[in-house]
1. Given the Cα-Cα distance of residue 53 and residue 147 and 0.36 nm per residue of separation, how much length would full extension add, in nm?
2. Just to confirm the number: angle between the C-alpha axis of helix 136-151 and the first principal axis of the chain, 0 to 90 degrees, nearest 10?
3. Convert 37 °C to kelvin, take the viscosity as 0.692 mPa s, use the Kirkwood radius over C-alpha pairs of the chain as Rh, and evaluate the Stokes-Einstein diffusion coefficient in µm²/s, rounded to a whole number.
4. Treating the angle as unsigned and between 0 and 90°, give the value, to the nearest 10°, between the Cα long axis of helix 46-55 and the longest Cα principal axis of the chain.
5. Length gain on complete extension for the stretch residue 26 to residue 120, per 0.36 nm per residue less the alpha carbon to alpha carbon distance?
6. Using the structure shown, list the pairs from 26/49; 26/70; 49/144; 49/148; 49/85 with a Cα-Cα distance above 24 Å, or answer none.
7. Can you list the residues of region 44-82 with backbone N under 20 Å from a point 7 Å past the Cα of residue 110, pointing along Cα to Cβ?
8. Can you compute the helix-only [θ] at 222 nm over the chain? Use -39500 (n - 2.57) per DSSP H run of at least 4 residues, normalise by all residues, nearest 500 deg cm²/dmol.
Amino acid sequence: MAVAKIAGVSSQSEASRIAQFIGLPKWEAMDDLALVALVSKGFPAATAKTMARRVDPDGRFFQPTDMIPKSTLNRRENTRARLSKDESEKILAVSKVFSTLLALYHGDVASAGRFLLARHPMLGDRPPIDLAKESIAGADLVLKILVKADAGVAA
């Protein structure tokens with residue numbers, strides 16, 4: 001599966017790994033500054049659907065319309081307009097959460113999905129996916145918990 005390969009590449013920079021994950025062109029050469037510039041410019045509209053398919057291939061718990069209204073997404077796709085900076089930042093935030101999860105679970109998409117859907121006591125008994133797609137601050141909170149878990153820190 002493509003997602004498992006993405007998580008398993010250790011020589012890639014985080015920016016390059018995320019750019020590949022969300023289907024950005026020229027992801028091989030992507031560095032942090034280029035990714036920041038692309039967020040400011042706006043990701044291509046197709047990025048939202050690519051990322052959603054990679055996070056949830058079956059479409060059971062995550063849709064691109066969880067972050068971008070359906071009419072806005074359709075309009076941007078039909079006119080080939082780019083996403084806004086805010087929309088691109090949301091996509092980047094959720095992508096970072098899932099990319100980190102895949103690294104922690106060694107590319108196991110099913111385990112990563114189970115974590116995203118399970119209520120977590122450190123998140124007010126809410127599923128991590130709900131916080132991650134709700135706001136950038138929510139995604140950052142989920143990332144903090146993942147970093148602590150990876151480091152073996154209890155709380």
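Derivation of every value follows stated rules applied to the coordinates shown; laboratory data play no part. Every value quoted in this text rests on a predicted model; they were computed, and no experiment measured them. We place every Cβ from the backbone using ideal geometry, glycine too, and count neighbours over all the protein chains shown.
1. On the way: separation 94, 0.36 × 94 = 33.84 nm, distance 2.45 nm.
Length difference between fully extended and current span is 31.4 nm.
2. 40 degrees
3. Approximately 209 µm²/s, per Stokes-Einstein.
4. Helix 46-55 sits at roughly 20 degrees to that axis.
5. Details: separation 94, 0.36 × 94 = 33.84 nm, distance 3.64 nm.
Difference between extended and current length: 30.2 nm.
6. Details: 26/49 18 Å; 26/70 27 Å; 49/144 26 Å; 49/148 30 Å; 49/85 17 Å.
Where the Cα-Cα span goes over 24 Å, the pairs concerned are 26/70; 49/144; 49/148.
7. 53-62
8. Theoretical 222 nm ellipticity from helices: -19000 deg cm²/dmol.
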